[in-house]
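What follows is a single structure, written as structure tokens, with notes after it.
The values are calculated or read from the model by the stated rules, or taken from the named source; none is laboratory data. Quick caveat, the model's predicted, so the values are computed rather than measured. So basically every Cβ, Gly included, is an ideal-geometry build from the backbone, and we count neighbours across all protein chains shown.
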Amino acid sequence: MHIDTERCVRAVQSKDARFDGWFFTAVVTTRIYCRPSCPVVPPKAENMTFYPSAAACQQAGFRACKRCRPDSSPGSPEWNQRADLVARAMRLIGDGVVDRDGVPGLAGLLGYSTRQVERQLRAELGAGPLALARAQRAQTARLLIETTTLPMSDIAFAAGFASIRTFNDTVREVFALSPGELRSRAPKRPGTGAAEDSSPGPTGGTLTLRLPFRAPFNPDNLFGHLIATAVPGVEEWRDGAYRRTLDLPYGHGIVALGPRPDHIACRLTLTDLRDLTIAISRCRRMLDLDADPTAVDGQLRDDPLLAPLVDKAPGRRVPRTVDEAEFAVRAVLGQQVSTAAARTHAARLVTAHGRPVEDPEGGLTHLFPTPEELAAIDPETLALPRSRRTTLTTLVRHLADGALRLGPESDWDEARARLTELPGFGPWTVEVIAMRALGDPDAFLPSDLGIRRAAQELGLPHTPAALTARAAAWRPWRAYAVQYLWTTDAHPINTIPA
């Protein structure tokens, strides 16, 4: 979008928050870059230039605005609605792959050379993978500086910097303030994410954060689905927040997420603060917080039979997952059984094979077992029909040995093809994994019982083939249409408990 100068100027002049994260405005007279909704008086159009990423602004010598904090805007919707090389690279950078494994590790996961990855990212985003990862490190550093009392040396390494000197230089360059000045300017009022609201130790701790999203935002089906399908010991609804355990590269964590009118309240407890970036990235992905509801709802409203559902409660998101392999296992356990039965099967696996964790603030007890842990169990101990056992054991074996990948690096069509080859994987299982694990916004479930009931009630074709043909007009947002269709049923997935 950043190349459409006229459209960008209009968005900046109207302070349209819907475009935050789509592009960034750099002001050539002040050498500052902002989000489109910056509250200051808009600059003259001839003094504005536009960039596709914060990293590109920083590479061009612009500093982040102290008023609108462009580094904390929602992410671009582009990276969650595409499966090309650039989109997959951006999802992996968001997961901290470059910080952990470098650019060669990123390229290896994508199956391209480092030169090809560098060239394509520069062509579309104006910055290479190192610069994009650096911008993310700067954002994480600012978050830790302003919301914790950690020593600056601990913050530097937790944010992914290789040295304290690099940390200091980057913070000064990006924010035009030293780390100490950033901390002194941080708000100290309760409820704002101030330092006294967090209690991190030298390697881990608890942080209180605000996760932004684009309005409108309807949390009912999103949190309702996560709560209704929650696996005991791994997930729970407590004190107005969805809580769950997280298995992370350097340790484990517990997150509590609560919907608010203008943000998601996030309380993260981590055993190692180096996992902060990936924990935030996974929570945002699970809640679909980088979606563009204006584009989604606008297209779905064009169908006169869907329009009343959209108008009644706009801004629905697709509930996704923090762990793609975990969801694939749970999808198999949920084949042809009720939601309650699927939870029971999953809880048995967790109790028998999950690693225990401590949760002083609630009732979480385990991490969901990894594919490697599940691949080592005796299939005869599984309380499942023999065919389901075969499906589950084949799945976890392919996940454990890397023959099947469902992570951010996955090509959606290739992953679908590999899933279809596995025994016991029909269209419903493949598409529900594509929707909630892979994150494909166009995944569709025409054979789902709830969808067929909704189609019949609304006067849509209710056979899978006919409904798929009718749904072509909803592309590329059919996964969102599924969320609206499900709301016609009085199922617990559609409501947040009182």
Checklist entry - Do you know which of the residues in the stretch 473-494 that are in contact with a helix residue (DSSP H, G or I) (Cβ under 6 Å, 6 or more places away or on another chain) and more than 18 Å from residue 288 (Cβ to Cβ) is surrounded by the most Cβ atoms within 10 Å (Cβ to Cβ)? => result 488
Item to check | Options 272, 247; residue that is surrounded by fewer than 18 Cβ atoms within 10 Å (Cβ to Cβ) and not assigned by TED's automatic domain parsing to the domain that holds residue 359 | outcome: 272
Checklist entry - Which ones in the stretch 270-289 are charged (D, E, K, R) and either under 22 Å from residue 438 (Cα atoms) or in a helix (DSSP H, G or I) (or both)? => result 274, 275, 282, 284, 285, 288
Item to check | Members of the stretch 39-55 that are closer than 21 Å to residue 171 by Cα and modelled with pLDDT of 90 or more | outcome: 51
Checklist entry - Based on what the data block shows, is residue 258 surrounded by fewer than 21 Cβ atoms within 10 Å (Cβ to Cβ) and over 17 Å from the mean Cα position of the chain (by Cα)? => result no
Item to check | So residue 201, is it at pLDDT 95 or above, small (Gly, Ala, Ser) and assigned to a loop (DSSP other than H, G, I, E, B) | outcome: no
Item to check | Residue that is farthest from the chain's Cα centre (by Cα) [pool: residues in the stretch 383-398 that are in a helix (DSSP H, G or I) and without any contact (Cβ under 8 Å) to a residue 12 or more places away in the chain] | outcome: 386
Checklist entry - Only one residue in 353, 366, 345 is crowded, with 16+ Cβ neighbours inside 10 Å, touching a residue at least 24 places away in the same chain (Cβ under 8 Å) and within 19 Å of residue 243 (Cβ to Cβ). Which one? => result 366
Checklist entry - Of the residues 418, 470, 453, which single one is outside any loop (DSSP other than H, G, I, E, B), surrounded by fewer than 21 Cβ atoms within 10 Å (Cβ to Cβ) and in contact with a Pro (Cβ under 7 Å, 6 or more places away or on another chain)? => result 470
Next on the checklist: When the residues of the stretch 377-408 are narrowed to those that are of a type in the set (Gly, Ala, Ser) and over 24 Å from residue 235 (Cα atoms), which ends up surrounded by the fewest Cβ atoms within 10 Å (Cβ to Cβ)?
Outcome noted: 402
Next on the checklist: Name the single residue that is nearest to residue 406 (Cα to Cα) among those in the stretch 429-443 being free of Cβ contacts under 8 Å to residues at least 40 places away in the same chain and outside any loop (DSSP other than H, G, I, E, B).
Outcome noted: 434
Checklist entry - Can you tell which of 318, 332, 255 is β-branched (Val, Ile, Thr), touching a strand residue (DSSP E or B) at 6+ places or on another chain (Cβ under 9 Å) and at negative phi? => result 255
Checklist entry - Do we have any residue at all in the stretch 462-472 that's under 22 Å from the mean Cα position of the chain (by Cα), more than 19 Å from residue 226 (Cα to Cα) and not charged (D, E, K, R)? => result no
Item to check | Listing of helices (runs of 4 or more DSSP H) fully contained in the stretch 64-133 that carry 1 or more residues being in contact with a Phe, Trp or Tyr (Cβ under 7 Å, 6 or more places away or on another chain) | outcome: 85-94
Checklist entry - What residue, among those in the stretch 56-70 that are surrounded by 23 or more Cβ atoms within 10 Å (Cβ to Cβ) and touching a residue at least 60 places away in the same chain (Cβ under 8 Å), is nearest to residue 32 (Cα to Cα)? => result 64
Next on the checklist: When the residues of the stretch 3-42 are narrowed to those that are crowded, with 20+ Cβ neighbours inside 10 Å and assigned to a loop (DSSP other than H, G, I, E, B), which ends up farthest from the chain's Cα centre (by Cα)?
Outcome noted: 38
Next on the checklist: So if I check each of 241, 265, 215, 228, which one is over 18 Å from the mean Cα position of the chain (by Cα), surrounded by fewer than 21 Cβ atoms within 10 Å (Cβ to Cβ) and not charged (D, E, K, R)?
Outcome noted: 228
Checklist entry - Does the stretch 305-316 contain at least one residue that is under 20 Å from the mean Cα position of the chain (by Cα), crowded, with 23+ Cβ neighbours inside 10 Å and touching a residue at least 60 places away in the same chain (Cβ under 8 Å)? => result yes
Checklist outcome for this item: Taking the stretch 347-369 and keeping only residues that are over 16 Å from residue 334 (Cα atoms) and out of contact with any Lys or Arg (no Cβ under 9 Å at 6 or more places or on another chain), one is left with 351, 352, 353, 354, 355, 356, 357, 358, 360, 365
Checklist entry - Among the residues of the stretch 2-31, which ones are touching a residue at least 40 places away in the same chain (Cβ under 8 Å) and of a type outside the set (Phe, Trp, Tyr)? => result 2, 3, 5, 8, 17, 18, 20, 21
Checklist entry - Would the stretch 352-372 turn up any residue that is touching a helix residue (DSSP H, G or I) at 6+ places or on another chain (Cβ under 6 Å) and either outside the structural domain of residue 399 (by TED's automatic domain parsing) or closer than 30 Å to residue 476 by Cα (or both)? => result no
